[in-house]
Amino acid sequence: MTLAGTHPEIADTLAIKRRTMTLALLTMVYFFSYMDRQILSILVELIKADLKLSDTQMGMLGGLAFAVFYAGLGIPVARFADKSNRRNIIAVSLALWSLMTALCGLAQNFFQLLAARIGVGVGEAGSSPPSHSIIADLYPVEKRASAMAIYSLGVVLGGGFGTMIGGWLASQYGWRFAIIAIGIPGIILAIIVRLFVVEPRRGLSDASRAADAGEMPRVWSAFTDMWRDAAARHLVLAVTLTSLIGYATTYWGPSYLQRSLGFTVGQVALIVAPIAAVLGTVSGVAGGRVADWAAKRWGIHAQSWMVGLLKCAALPFTILFFTTDVPAVAIGAYAFNMVFANSYLGPTFAMLQGLAPLRMRAMWAAITLLVINLVGLGLGPTSIGILSDLFVPYVGKAESLRWALIVAVGATPWAIFHYWRAGVILKRRQDLVAQG
């Protein structure tokens, strides 16, 4: 719904009144974004067999080919979003990537599938930065982590339901039908978004920073400002490393279960995917609420430390998941990992949005996503595919993927360090403010 032409005070009241609906629709957009992005993960083995592709090629389709365009276009789109109608950008982007996802199902070779995946990346570039900016304008700082956590449910729900629906459809009707069926509904959602999502006034929930709302720094200043802000720098490094591990394990996880533990596509869809959807949702929502409570109780730095502690708790279960040969143990380890590991996105992006200038929120989100996706999404699945092919002569085809994934998990302590360091810096700032 547009509020253009409405009296400013009435428009603000309507925006706040309808923010729950807006957040729900933006979460649905993110759900479709991640579902369309990750649908290949459950289809890897089927596509490989049909199109005669290697792990390296499948890694490129799930990672670098998508990420370069998704991340590279995020900056100009975010710049446009910081001075234009964000709702319209989201709606057009959603329609485009949904169409390109459906076209993936028509590909007859690697290069056709590559072109369609690039199209998905181009479309998805217009989703998250403007969504982050809208949410930050609708929710004050004390509620922002919870709102961002709800929005971030699009990751676990999109991945989980994409695997469930895509896996079941593929097992019944083939991978082409599955991917087309996943893509088409997004076009309908794009129309709904255009009609009902609210475009709020910038800085609506940050009255104390209203003077900042009129500023429009240059694009390069957004990069330099983020780099100079030590807390923001460590948060970006932390979430990038965490995402690299997450994208690598999420994309290749279904293939690992099939190759090393003997699961079928249907079993992954109906046993593992529901665990990811349910426990990932619980972890995301609970993590956001705990983060808001921790910030209110101790200060914003507590959110960063909380994420680091939860990543520490998840690490032993992640290692067990990729080292056990017992399917039941793997499922149990995966469940506990999901409880602890999926609460980082909401608090991290909430902290970054709190640090960003009002007129640069979409840009800061885009810069973060640029780094996350070039390194995490671009290199995660791609590097695992390359490593898996390289390990084949030493451990065999059945186990090469397992060892490649273990290498990726080894970067977890590095990410934890950056969350801890960001918390230290934020705590020092808080103490300086308290001292006057």
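The values are calculated or read from the model by the stated rules, or taken from the named source; none is laboratory data. Everything quoted here is computed from the prediction, not taken from an experiment. Using ideal geometry, Cβ is built from the backbone for each residue, glycine included, and neighbour counts are taken over all protein chains shown.
Show the residue pairs that are 6+ apart or on different chains and have beta-carbon atoms under 8 Å apart, the first residue being within region 1-22 and closer than 19 Å to Arg194 by Cβ and assigned to a helix (DSSP H, G or I), the second being hydroxyl-bearing (Ser, Thr, Tyr) and modelled with pLDDT under 80.
As it stands, the answer is Leu14/Thr6, since those pairs meet every condition given.
With over 19 Å from the mean Cα position of the chain (by Cα) and of a type outside the set (A, V, I, L, M) as the only criterion, which of Phe391, Phe340 stands out?
Within the list Phe391, Phe340, the selection yields Phe391.
Being closer than 30 Å to Leu401 by Cα, of a type outside the set (A, V, I, L, M) and without any contact (Cβ under 8 Å) to a residue 24 or more places away in the chain is true for just one of Gly59, Gly119, Gly63, Gly105. Which residue is that?
Gly119
Identify, by number, the condition in (1) buried (at least 16 other Cβ atoms within 10 Å of the Cβ); (2) more than 20 Å from the chain's Cα centre (by Cα); (3) part of a helix (DSSP H, G or I) that Phe263 doesn't meet.
Against the list (1) buried (at least 16 other Cβ atoms within 10 Å of the Cβ); (2) more than 20 Å from the chain's Cα centre (by Cα); (3) part of a helix (DSSP H, G or I), Phe263 comes up short only on (3).
Evaluate region 336-356: report whether one residue or more is assigned to a helix (DSSP H, G or I), modelled with pLDDT of 90 or more, on the phi < 0 side of the Ramachandran plot and hydrophobic (A, V, I, L, M, F, W, C).
Yes, some residue in region 336-356 is assigned to a helix (DSSP H, G or I), modelled with pLDDT of 90 or more, on the phi < 0 side of the Ramachandran plot and hydrophobic (A, V, I, L, M, F, W, C).
Does Leu53 satisfy being more than 18 Å from the chain's Cα centre (by Cα), among the hydrophobic types (A, V, I, L, M, F, W, C) and not in a helix (DSSP H, G or I)?
For Leu53, the condition - more than 18 Å from the chain's Cα centre (by Cα), among the hydrophobic types (A, V, I, L, M, F, W, C) and not in a helix (DSSP H, G or I) - is met.
Let me spell it out: the conditions are (1) at pLDDT 90 or above; (2) closer than 21 Å to Leu23 by Cβ; (3) not charged (D, E, K, R), and Ala107 meets all of them except one. Which number is the exception?
The single condition Ala107 does not satisfy is (2).
Need the failing condition index for Val375 against (1) β-branched (Val, Ile, Thr); (2) at pLDDT 90 or above; (3) surrounded by fewer than 21 Cβ atoms within 10 Å (Cβ to Cβ), just the number.
Only one criterion in (1) β-branched (Val, Ile, Thr); (2) at pLDDT 90 or above; (3) surrounded by fewer than 21 Cβ atoms within 10 Å (Cβ to Cβ) is unmet by Val375, namely (2).
For region 392-436, name all the residues that are over 24 Å from Thr242 (Cβ atoms) and hydrophobic (A, V, I, L, M, F, W, C).
Across region 392-436, the qualifying residues are Val392, Val395, Ala398, Leu432, Val433, Ala434.
Of Val122, Val68, Val92, which residue is surrounded by fewer than 24 Cβ atoms within 10 Å (Cβ to Cβ) and at pLDDT 90 or above?
So the residue among Val122, Val68, Val92 that is surrounded by fewer than 24 Cβ atoms within 10 Å (Cβ to Cβ) and at pLDDT 90 or above is Val92.
Residues of region 380-415 being crowded, with 21+ Cβ neighbours inside 10 Å, farther than 14 Å from Ser255 by Cα, of a type in the set (A, V, I, L, M, F, W, C) and touching a residue at least 60 places away in the same chain (Cβ under 8 Å), which ones?
If the condition is that a residue be crowded, with 21+ Cβ neighbours inside 10 Å, farther than 14 Å from Ser255 by Cα, of a type in the set (A, V, I, L, M, F, W, C) and touching a residue at least 60 places away in the same chain (Cβ under 8 Å), then Ala408, Ala415 are the ones that fit.
Based on this model, can you work out whether Gly74 counts as touching a Ser or Thr at 6+ places or on another chain (Cβ under 7 Å) and either of a type in the set (Gly, Ala, Ser) or not in a helix (DSSP H, G or I) (or both)?
Taking the combined requirement at face value, the residue does not satisfy it.
For region 191-222, name all the residues that are acidic (Asp, Glu), at pLDDT 65 or above and exposed (fewer than 12 other Cβ atoms within 10 Å of the Cβ).
none
With respect to Val424, is the statement that it is aliphatic (A, V, I, L, M) and more than 22 Å from the chain's Cα centre (by Cα) true?
So Val424 fits the description; yes.
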